[in-house]
Amino acid sequence: MAVGARSGQDGPEDRADGARGENVTEDNTSGDGTPPPGDEPEQTDENGARPRKQRSFWKELPLLIGIALILALLIKTFLVQAFSIPSESMMNTLKKGDRVLVDKLTPWFGSEPERGEVVVFHDPGGWLETAETPKPNAIQKFLSFIGLMPSAEEKDLIKRVIAVGGDTVSCKEGGKVVLNGKELDETAYLYPGSVPCQDSFGPIKVPQDRIWVMGDNRQNSLDSRFHQELPGGGTIADDQVVGRAVVVAWPITRWATLPVPEVFDQPGLDPASAAAPAALPAAAGLAGALPLVLWRRRKRAARHTAE
């Protein structure tokens, strides 16, 4: 009797798992049709391309540092630069150790120094020949080069612009500074107890494209007054000016802007304005004489015609 031909039991070939001895091939899907864990299909975008893996932070860090350094160098070169105040010549406007930010952008667009501004300028020669400058280390030099640290090694000075090209400035001992015939009331920014000038100077006509500078602490400032024997007569060329100091940035307790004092906005301070009253009578006389001359010429012409 043949057994198992069709006995109602599943034979080896009809097992649910389809196994035949050890010759088993597993299907890559679970019972519900989803792939088993660990075998998910790779994701692709709408074009069928595999997305790029995001770089690790540590691989991008050198690039970020490089970009930051380049931006800092560009800002220092073209926008603003930090400077440290090394002396007491500008007290109390600026104290020794203050950090100021200097605007270097506007000079690139042709802006020239104006009266009353506090400016940083390069030593024109002979102003700081006896002054000792600090010797920074390599790290300080690098940070100063890219603008992350105030300039310390360069021989720069900071003073207030009193007169510009075309102005005439003078001062008598114990008196006030006279600019284009107008006395300046400098009490708003002079160091308390300081006199405008302890020694007389001028009158000095400032050449075009140059400036005359003085410190706010007049008794402790080697400014234009003390360098009249040098080329330029104590004046500074406009192209030697680094820029205008616009704000005291450090320390925080000293934070302040550096606006132009109101005394430099008084009417009649411009030399052109000062010359106008003298020219006005001559112009008025010429305007009044012109009709008279024309009337006389017509009268003579009519007389010659009648003859």
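The values are calculated or read from the model by the stated rules, or taken from the named source; none is laboratory data. All values reported here derive from a predicted model rather than from experimental measurement. Every residue, glycine as well, gets a Cβ built from its backbone with ideal geometry; the counts of neighbours run over all protein chains shown. Just so you know, the surface numbers come from the protein's heavy atoms only, side chains and all, with ligands and any DNA or RNA stripped out. Shrake-Rupley method; radii C 1.70, N 1.55, O 1.52, S 1.80 Å.
Quick notes on this structure:
- Counting only residues that are in contact (Cβ under 8 Å) with a residue 24 or more places away in the chain and under 18 Å from Leu105 (Cβ atoms), the range 240-270 holds 11 of them.
- The range 205-243, subset in a loop (DSSP other than H, G, I, E, B), touching a strand residue (DSSP E or B) at 6+ places or on another chain (Cβ under 9 Å) and among the charged types (D, E, K, R), residue surrounded by the most Cβ atoms within 10 Å (Cβ to Cβ): Asp216
- Selection from the range 157-180 of residues that are modelled with pLDDT under 95 and at positive phi: Gly174
- Only listed residue being farther than 18 Å from Ser87 by Cβ and surrounded by 14 or more Cβ atoms within 10 Å (Cβ to Cβ), chosen from Gly166, Gly268, Gly174: Gly166
- All of (1) in contact with a strand residue (DSSP E or B) (Cβ under 7 Å, 6 or more places away or on another chain); (2) part of a loop (DSSP other than H, G, I, E, B) hold for Val246 with one exception: (2).
- Failed condition for Ala82, given (1) small (Gly, Ala, Ser); (2) at pLDDT 80 or above; (3) part of a loop (DSSP other than H, G, I, E, B): (3)
- The range 184-200, residues that are free of Cβ contacts under 8 Å to residues at least 60 places away in the same chain and within 22 Å of Val119 (Cα to Cα): Thr187, Leu190, Ser194, Val195, Pro196, Cys197
Residue-wise test of (1) at pLDDT below 95; (2) more than 20 Å from Ala188 (Cβ to Cβ); (3) over 19 Å from the mean Cα position of the chain (by Cα).
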| site | (1), (2), (3) |
| --- | --- |
| Gln208 | no, yes, yes |
| Asn217 | no, no, yes |
| Leu222 | yes, yes, yes |
| Gly232 | yes, yes, yes |
| Ile236 | no, yes, yes |
| Pro261 | no, no, yes |
| Phe264 | no, no, yes |
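- Yes/no for Gly202 being open to solvent by 40 Å² or more (accessible area, probe 1.4 Å) and more than 29 Å from Leu105 (Cα to Cα): yes
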